[in-house]
Amino acid sequence: DAKTTQPPSMDCAEGRAANLPCNHSTISGNEYVYWYRQIHSQGPQYIIHGLKNNETNEMASLIITEDRKSSTLILPHATLRDTAVYYCIVRPAGTTDSWGKLQFGAGTQVVVTP
Amino acid sequence: KAGVTQTPRYLIKTRGQQVTLSCSPISGHRSVSWYQQTPGQGLQFLFEYFSETQRNKGNFPGRFSGRQFSNSRSEMNVSTLELGDSALYLCASSLDGRDPYGYTFGSGTRLTVV
């Protein structure tokens, strides 16, 4: 699986957009980009995923560059409850030897301040 | 619907003992994965079970084992506990393990080895 690089931490003011970058320069054509977050003392929670098109759901937006070597997770209006560690993960589709598992990196600790 | 239930939430064991942790998946989910989270190594994949068979395995010693029952509930066992086994143990369930957007994590079991 491709490895990802994320900044270790970032701060964001409440109500502002949080833009979380992720570098995955060795991503393969069949690998999706997934974002999870982990709020303190809880299990990780799925946020959004994409292959090459930009995606949006009720939680966030995902922008993937045209060459797919990097992506940005956007939390449009950060709240205090968005304080968490955010993980960017790439994983191939369709290979059973990867089913059921995720390779987590160190993630980005996001702190939303009032 | 009920989420993923892990029991117990907290556990204190002595070096050399063994421990069994339990994970009850969401109803209808047949894939259960286990992860270890430590401050030094982060979130690491242990193994995944699907239909009572271990399908994928991470890079952990044989002291770490698991099983899955016909109702998809899973247990993991750690024998001959070491201080370094102190960690948050998380399980995730999904329909078949194929799509990470369908993974739901439990809140984990906090194991302390003294």
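The values are calculated or read from the model by the stated rules, or taken from the named source; none is laboratory data. What you are looking at is a predicted structure, and each value in this text was computed from that prediction instead of being measured. Backbone-built Cβ (ideal geometry, glycine too); neighbour counts: all protein chains shown. Accessible surface areas use protein heavy atoms only, side chains included; no ligands, DNA or RNA. Shrake-Rupley method; radii C 1.70, N 1.55, O 1.52, S 1.80 Å.
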Item to check | Subset of segment A:12-29 that is surrounded by fewer than 19 Cβ atoms within 10 Å (Cβ to Cβ) and farther than 17 Å from A:Ala60 by Cα - its residue that is farthest from the other protein chains (Cβ to nearest Cβ) | outcome: A:Ser25
Item to check | strands (runs of 3 or more DSSP E) within segment A:30-114 that include 2 or more residues more than 10 Å from every other protein chain (Cβ to nearest Cβ), modelled with pLDDT of 95 or more and surrounded by fewer than 19 Cβ atoms within 10 Å (Cβ to Cβ) | outcome: A:61-64, A:70-75, A:108-113
Checklist outcome for this item: Just one listed residue, out of B:Arg9, B:Arg15, B:Arg30, is open to solvent by 70 Å² or more (accessible area, probe 1.4 Å), modelled with pLDDT of 95 or more, over 20 Å from B:Val114 (Cβ atoms) and among the charged types (D, E, K, R), and it is B:Arg30
Next on the checklist: For segment B:56-72, check the following and say yes or no: at least one residue is closer than 15 Å to B:Val4 by Cα, more than 11 Å from the chain's Cα centre (by Cα) and not in a strand (DSSP E or B).
Outcome noted: yes
Next on the checklist: Could you check segment B:61-114 and list, in sequence order, the residues that are open to solvent by 30 Å² or more (accessible area, probe 1.4 Å), in contact (Cβ under 8 Å) with a residue 60 or more places away in the chain, more than 14 Å from chain A (Cβ to nearest Cβ) and of a type outside the set (Gly, Ala, Ser)?
Outcome noted: B:Thr80, B:Glu82, B:Leu83, B:Thr112, B:Val114
Checklist entry - Looking at segment B:31-44, which of the residues that are facing chain A (nearest Cβ under 10 Å) and in contact with a strand residue (DSSP E or B) (Cβ under 6 Å, 6 or more places away or on another chain) is farthest from B:Leu111 (Cα to Cα)? => result B:Ser31
Checklist entry - Pick from B:Thr14, B:Thr20: which is more than 28 Å from B:Gly102 (Cβ to Cβ) and either aromatic (Phe, Trp, Tyr) or touching a residue at least 12 places away in the same chain (Cβ under 8 Å) (or both)? => result B:Thr14
